[in-house]
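Accompanying notes for the structure given below.
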Amino acid sequence: MMASTFNIPCNAGSVKNFNNSQRNLGFSSNLGINFAKTRFSNCGDSGRIPSQLVVRASERRDNLTQQKTGLSIEECEAAVVAGNAPSAPPVPPTPKAPSGTPSVSPLSLGRRPRRNRRSPVFRAAFQETTLSPANLVYPLFIHEGEEDTPIGAMPGCYRLGWRHGLVEEVAKARDVGVNSIVLFPKVPDALKSPTGDEAYNENGLVPRTIRMLKDKFPDLIIYTDVALDPYSSDGHDGIVREDGVIMNDETVHQLCKQAVAQARAGADVVSPSDMMDGRVGAIRAALDAEGYSNVSIMSYTAKYASSFYGPFREALDSNPRFGDKKTYQMNPANYREALIETQEDESEGADILLVKPGLPYLDIIRLLRDNSALPIAAYQVSGEYSMIKAGGVLKMIDEEKVMLESLLCLRRAGADIILTYFALQAARCLCGEKR
């Protein structure tokens with residue numbers, strides 16, 4: 001007997017441990033339908049994203065249908081006309097309210113929104129926002145060593161050895177449909193300088209890593225960070241004058257060389273996070289002049305001087321040696337200023353606009369979404385990640401549910417993609433893979 005088929009959109013990549021002869025994952029549902037198997041269609045071992053998730057209802061039909069009488073259609077119709085309609089289940093009784101429930105007249109309501117929320121099937125049919133592994137970009141920390149080093153303030157995150165641990169982590173992410181990463185390097189102190197020249201060393205850690213990853217995973221999308229702070233002996237995103245002023249135009253000159261070096265190594269998207277004025281236009285011109293017109297720019301358009309970055313700076317050992325970053329990153333109290341940055345970045349040639357941090361700045365994500373046709377990115381930063389992790393460890397929250405809800409909220413606010421340290425964990429949940 002034919003099985004019923006329910007087509008559900010899904011952007012998950014191939015699921016680990018599935019092969020060409022066995023692509024079924026059993027699960028149960030509370031939808032009132034006995035789902036026997038979930039089959040990932042068009043889900044090859046190459047890691048390509050399937051076009052849909054096909055859910056087949058149980059093929060067992062015992063006791064679902066009555067035995068046929070052998071009557072023709074005309075005979076069945078004649079019986080009904082004669083008043084001999086076949087029996088069917090009676091109208092179900094009205095469920096009883098608990099004892100003590102007050103007796104009231106129904107409210108005179110022209111609309112009852114709860115009608116569209118009354119069952120899982122209705123809720124799924126009318127869901128406005130979706131989340132899939134394709135929406136996630138995985139930030140990864142790399143260093144020169146061979147061993148992976150845990151980051152104390154970010155449980156579950158590591159500084160990965162660029163030739164070993166990184167490759168394994170990227171492979172795990174691709175297994176569950178996350179095929180976009182962004183690299184952040186931990187640079188040896190001996191290579192740091194006031195002008196951050198190591199940022200554009202074509203045999204530096206980031207260019208070497210890009211070339212290695214592209215050799216192993218040609219279709220991997222690699223985002224890079226364009227800023228001087230990992231390479232600066234001062235820990236700032238730009239060159240620091242002796243009076244403490246961050247030099248704008250001179251920094252932009254260095255950033256252009258950094259972006260070109262990353263593009264030459266094979267980066268797909270360069271991401272200036274420095275917040276210098278005019279850097280998007282200058283980087284676009286530099287890339288085009290070197291023949292990299294197809295390399296995209298994801299601008300950190302609204303990057304706020306936030307207190308949520310602490311764990312990240314521990315991961316890269318990139319805290320400012322003095323002062324703060326408030327002269328170039330945005331004031332957390334400001335809203336309209338984000339429109340100025342949006343207009344500038346659009347006019348200078350940005351391809352993607354990013355808001356950082358994420359969840360505390362949902363209003364800014366929505367502001368950019370409503371005022372730009374460009375793709376919007378949100379960065380769920382280290383502080384957001386670590387708070388959810390800490391709450392989960394302390395059993396104050398359900399870590400998995402809060403993780404997925406937080407990501408869905410970023411999508412609902414208007415983010416097309418989300419940079420998140422939860423990328424691998426979230427994708428595994430979305431694909432039904434147990435941790």
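The values are calculated or read from the model by the stated rules, or taken from the named source; none is laboratory data. The structure presented is a predicted model; accordingly, all values stated were derived computationally and were not measured. Cβ placement follows ideal geometry from the backbone for every residue including glycine, while neighbour counts extend to all protein chains displayed. Just so you know, the surface numbers come from the protein's heavy atoms only, side chains and all, with ligands and any DNA or RNA stripped out. Shrake-Rupley method; radii C 1.70, N 1.55, O 1.52, S 1.80 Å.
Translational diffusion of the stretch 74-122, estimated by Stokes-Einstein from the Kirkwood radius over alpha carbon pairs at 20 °C in a medium of 1.002 mPa s, is 134 µm² per second. Expressed in Å, the radius of gyration and Dmax of the Cα atoms of the stretch 118-209 are 18.5, 62. Principal axis extents of the C-alpha atoms in the stretch 281-393 (largest first, rounded to whole Å): 48, 32, 28. Principal axis extents of the C-alpha atoms in the stretch 355-409 (largest first, rounded to whole Å): 41, 17, 15.
Per-peptide packing, taken as the mean over residues of other Cβ atoms within 10 Å, places 400-413, 216-229 in the sequence 216-229, 400-413 from highest down. Entry comment: accessible area of the stretch 283-369 is 44 Å² per residue, from protein heavy atoms only and a probe of 1.4 Å.
Of the solvent-accessible surface of the stretch 253-311, computed with a 1.4 Å probe over protein heavy atoms with every protein chain present, carbon and sulfur atoms account for 47 percent. Using the empirical formula 2.2 N^0.38 Å as the baseline, the Cα radius of gyration of the stretch 212-252 reaches a ratio of 1.70. Measure off, as a whole percent, the carbon and sulfur share of the 1.4 Å-probe accessible area of the stretch 163-233, all protein chains present. Solvent-exposed carbon and sulfur of the stretch 163-233 make up 49 percent of the total. Over the stretch 223-354, the hull volume per residue, using the convex hull of the C-alpha atoms, is 105 Å³.
With contacts taken as Cα pairs under 8 Å at a separation of at least 6 residues, the stretch 279-435 carries a relative contact order of 24 percent.
Taking amide H as placed 1.01 Å from N in the peptide plane, the amide H of Val182 sits under 5 Å from that of Tyr138, Leu140, Tyr223, each at least 5 places away or on another chain. In order along the stretch 107-113, the phi-based Karplus estimate (6.51 cos²θ - 1.76 cosθ + 1.60, θ = phi - 60°) of 3J(HN,Hα) comes to 5, 7, 10, x, 9, 10, x Hz; Gly and Pro are listed as x. The fraction of all Cα pairs in the stretch 179-272 landing in successive 10 Å bins from 0 to the largest distance is 18, 49, 26, 7, 1, given as whole percents. Using the heavy atoms of the protein chains and a 1.4 angstrom probe, tell me the accessible area per residue for the stretch 133-274 in square angstrom. Spelled out: the 1.4 Å probe surface of the stretch 133-274, per residue, equals 35 Å². Residue by residue, the stretch 211-227 carries 3J(HN,Hα) couplings of 4, 5, 5, 5, 5, 8, 10, x, 8, 5, 8, 10, 9, 10, 9, 10, 5 Hz when phi is fed to the Karplus relation 6.51 cos²θ - 1.76 cosθ + 1.60 (θ = phi - 60°); x denotes Gly or Pro. Both numbers refer to the Cα atoms of the stretch 122-165; Rg and Dmax are 17.1, 52 Å.
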